[in-house]
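J.: A single structure is presented below for examination.
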Amino acid sequence: MTKIAPTDRAEIVRRHGAGESAASIAREFGCSTATVQYHLRKAGVPTAGPAIPPEQLPELIARYNAGESVGEIARDLSFSSASLRRAFIRAGLQLRFGGSASKLSPAESEELVRRYVAGESTTALTSAFDLCPTTVEAYVKRAGVSLRPAARSTRYGFTPEQIANMAARYQVGESVAQIARAFRCSWPTAAHHLRQFGIQVAAPRSKVDLEAAARMYRQGATSVEVAKAFGVARQTAERYLKRAGVELRPPGFQLKHIVLAEFRQGLNPHEIATKLDITVEQVLDPIRAVVCRRQTKGMERSHDRA
């Protein structure tokens with residue numbers, strides 16, 4: 001389970017109380033929905049989604065039959081997808097396979113099955129109907145047709161025919177990310193097959209400015225704040241910070257702790273300000289606070305002895 005700092009746990013509870021969904025909070029903090037729900041339950045917050053009103057169900061079924069997916073309807077009305085799917089099944093609604101709207105009309109579906117039975121491969125039908133291989137197979141199975149044995153696949157699970165299809169899609173303008181989504185694999189796997197096919201694929205450009213991220217973190221920002229600033233997950237931000245040579249702080253560690261640690265090592269305020277790329281005033285504030293606190297304690301002890 002992803003470790004969440006105590007301050008972040010309080011923020012999770014606050015945002016959930018303000019009406020934000022667990023899935024949305026999980027995306028912001030770069031963790032899973034299950035992790036968010038775990039911390040909410042630990043804080044005594046109920047995590048069950050709102051019940052689906054029976055009087056609203058006919059309208060939801062109509063939206064589903066019109067082509068919207070379970071996920072789209074659930075997000076729009078702040079229901080959980082699982083709850084909505086169960087409500088549809090209890091109402092006797094036959095769900096579309098894959099949970100998404102069918103891309104083919106009944107006539108197109110019949111044509112796809114006819115061509116498969118006539119001997120065309122899944123890969124050829126994937127290109128012809130602009131579907132992923134899994135969806136093509138689902139149409140064939142739903143029509144009661146048994147799938148032919150697959151051709152010998154590579155160690156990554158793709159046949160030479162499928163890899164050729166990847167290359168063809170890349171050459172007509174699809175991105176590696178789009179191809180990876182279509183074939184349900186990772187970006188590196190799709191890029192590997194394209195390179196094996198003789199296509200030069202450049203590494204994806206980093207969304208994170210390493211120098212700016214490192215400076216922001218050294219100035220006291222948390223890894224979650226850095227992640228939000230660059231639009232990536234927290235784990236991704238931390239990976240880039242490590243790549244920039246930054247030593248990650250323990251959860252809850254703040255700028256004042258960094259300043260005081262440097263001060264205890266013998267650096268003067270100007271040296272600390274230069275090292276952390278902050279103002280001298282930002283350095284002096286926590287030092288003054290410590291000095292003031294010590295003076296107050298000294299005066300209290302003197303008063304007690306008197």
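J.: Can you tell me how many residues in the range 18-33 are in a helix (DSSP H, G or I) and either free of Cβ contacts under 8 Å to residues at least 40 places away in the same chain or of a type outside the set (F, W, Y) (or both)? First the steps, then the outcome.
T.: Here is the first cut: in the range 18-33, the ones in a helix (DSSP H, G or I) are 22-29, 33.
Filter once more, so that each one left must be either free of Cβ contacts under 8 Å to residues at least 40 places away in the same chain or of a type outside the set (F, W, Y) (or both): 22-28, 33.
Residues in the range 18-33 being in a helix (DSSP H, G or I) and either free of Cβ contacts under 8 Å to residues at least 40 places away in the same chain or of a type outside the set (F, W, Y) (or both): 8 in total.
J.: Now, a different point. Scan (1) modelled with pLDDT under 85; (2) surrounded by fewer than 19 Cβ atoms within 10 Å (Cβ to Cβ) for the single condition A143 breaks and write down its number.
T.: (1)
J.: A further question follows. Where residues in the range 71-127 are basic (K, R) and in a helix (DSSP H, G or I), which of them is modelled with the lowest pLDDT?
T.: Selected residue: R75.
J.: Scan the helices (runs of 4 or more DSSP H) fully inside the range 216-266 and keep the ones with 2 or more residues being under 21 Å from F29 (Cβ atoms) and free of Cβ contacts under 8 Å to residues at least 12 places away in the same chain.
T.: On the way: elements: 223-230, 234-243, 255-264.
Passing ranges, in order: 234-243.
J.: Here's something else I'd like to know. Considering the range 202-221 alone, what residues qualify as being farther than 20 Å from I272 by Cβ and either modelled with pLDDT under 80 or surrounded by fewer than 19 Cβ atoms within 10 Å (Cβ to Cβ) (or both)?
T.: Pass one, the range 202-221, residues farther than 20 Å from I272 by Cβ: 202-210, 212-213.
Once the filter is applied, which keeps residues that are farther than 20 Å from I272 by Cβ and either modelled with pLDDT under 80 or surrounded by fewer than 19 Cβ atoms within 10 Å (Cβ to Cβ) (or both), the range 202-221 yields A202, A203, P204, R205, S206, K207, V208, D209, L210, A212.
J.: Do you know which of the residues in the range 222-276 that are among the small types (G, A, S) and at negative phi is surrounded by the most Cβ atoms within 10 Å (Cβ to Cβ)?
T.: A237
The values are calculated or read from the model by the stated rules, or taken from the named source; none is laboratory data. Please read all numbers here as calculations on a predicted model, not as lab measurements. Cβ sites come from the backbone with ideal geometry, for glycine too, and all protein chains shown count toward neighbours.
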